[in-house]
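To start, the structure itself, in structure tokens.
The values are calculated or read from the model by the stated rules, or taken from the named source; none is laboratory data. Computed from a predicted model, the values in this text were never measured in an experiment. Here Cβ is always computed from backbone atoms with ideal geometry, including for glycine, and neighbour counts include all displayed protein chains. For accessibility, only protein heavy atoms count, side chains too; no ligands or nucleic acids. Shrake-Rupley method; radii C 1.70, N 1.55, O 1.52, S 1.80 Å.
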Amino acid sequence: LNIVNAAKYHPLGQRGVCVAVKPAQYGKIFGPDYFDKMNKKTCLIAMLESTKGCENIEEIVAVEGIDVIFIGPTDLSQSLGVAGEVDHPKVEQHILEIANIAKKSGISLGIHIYNIEDREEIDLRIEQGFQLFTVMLDTALFYKACTQVLNVVRTQ
């Protein structure tokens with residue numbers, strides 16, 4: 001319940017109020033309509049990355065206000081004792097269990113995909129009911145771009 005309390009405005013939560021932000025047109029829009037609108041627009045994503053999260057998945061999906069369960073396979077693999085082995089059967093078993101419980105509860109699913117070129121994984125995750133994907137990391141994308149530029153410069 002703390003997650004909803006921190007992410008939503010009154011009456012759903014107690015999120016800190018600052019209307020000097022773009023959605024409030026930097027203070028121009030203020031009042032009950034603004035808070036109601038922002039509560040409706042806020043997508044609350046609960047990250048599940050540990051065995052403790054897996055053990056408590058039923059309670060997590062029962063929290064009203066959570067829109068997405070997002071699985072972090074690398075941290076989950078570490079928590080399961082197979083650090084970095086995101087394809088390990090233990091990890092995949094937990095991912096499937098989480099996915100099935102989240103789907104039954106009507107909560108959307110998200111997961112990190114490491115290789116956007118791996119069409120098999122993408123198709124598998126879609127088949128399993130995943131709707132939200134993150135790919136790579138901003139730092140990895142930046143590193144890849146810099147490496148490409150450096151390779152061009154070095155061959156000149």
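Right, Ile57: under 15 Å from Ile111 (Cβ atoms), surrounded by 12 or more Cβ atoms within 10 Å (Cβ to Cβ) and touching a residue at least 12 places away in the same chain (Cβ under 8 Å) or not?
yes
Could you list, in sequence order, all residues of the stretch 71-101 that are open to solvent by 20 Å² or more (accessible area, probe 1.4 Å), touching a Ser or Thr at 6+ places or on another chain (Cβ under 9 Å), in contact (Cβ under 8 Å) with a residue 24 or more places away in the chain and not in a loop (DSSP other than H, G, I, E, B)?
Asp75, Ser79, His94
Looking only at the stretch 128-137, decide whether some residue is in a helix (DSSP H, G or I) and either in contact with a Pro (Cβ under 6 Å, 6 or more places away or on another chain) or without any contact (Cβ under 8 Å) to a residue 24 or more places away in the chain (or both).
no
So Lys104 fits all but one of (1) crowded, with 18+ Cβ neighbours inside 10 Å; (2) part of a helix (DSSP H, G or I); (3) not hydroxyl-bearing (Ser, Thr, Tyr); what number is the exception?
That leaves (1) as the condition not met.
Is there a residue in the stretch 21-40 that is of a type in the set (S, T, N, Q), closer than 13 Å to Ile101 by Cα and out of contact with any helix residue (DSSP H, G or I) (no Cβ under 9 Å at 6 or more places or on another chain)?
no
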